[in-house]
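Written out below as structure tokens is the structure these notes cover.
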């Protein structure tokens, strides 16, 4: 079998897949308390749109929380570090 990098999360939806142009869209999870949690973001796809019961890969947001997302929310300023 194949393995997925620890930077990605794999999900499936019985009603269809994401499409070209959906990049950056959310993968969310509704907990038993009714709260929604952002789990990942849509990555590029090679699948045709609305493919059912096929794994889709999302970038995990966890690695970006400490250095980018939380400071951006707290300071209302977002800066990308140079590569």
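The values are calculated or read from the model by the stated rules, or taken from the named source; none is laboratory data. Predicted model only: the values in this text are computed from it and were never measured. Glycine also receives a Cβ, built like all others from the backbone with ideal geometry; neighbour counts cover every protein chain displayed.
If a residue has to be surrounded by 11 or more Cβ atoms within 10 Å (Cβ to Cβ), at pLDDT below 85 and within 14 Å of the chain's Cα centre (by Cα) to count, how many in the range 24-47 make the cut?
2
Restricted to the range 48-74, and to residues that are touching a strand residue (DSSP E or B) at 6+ places or on another chain (Cβ under 9 Å) and under 13 Å from residue 11 (Cβ atoms), which residue is surrounded by the fewest Cβ atoms within 10 Å (Cβ to Cβ)?
Filtering first and then ranking leaves 55.
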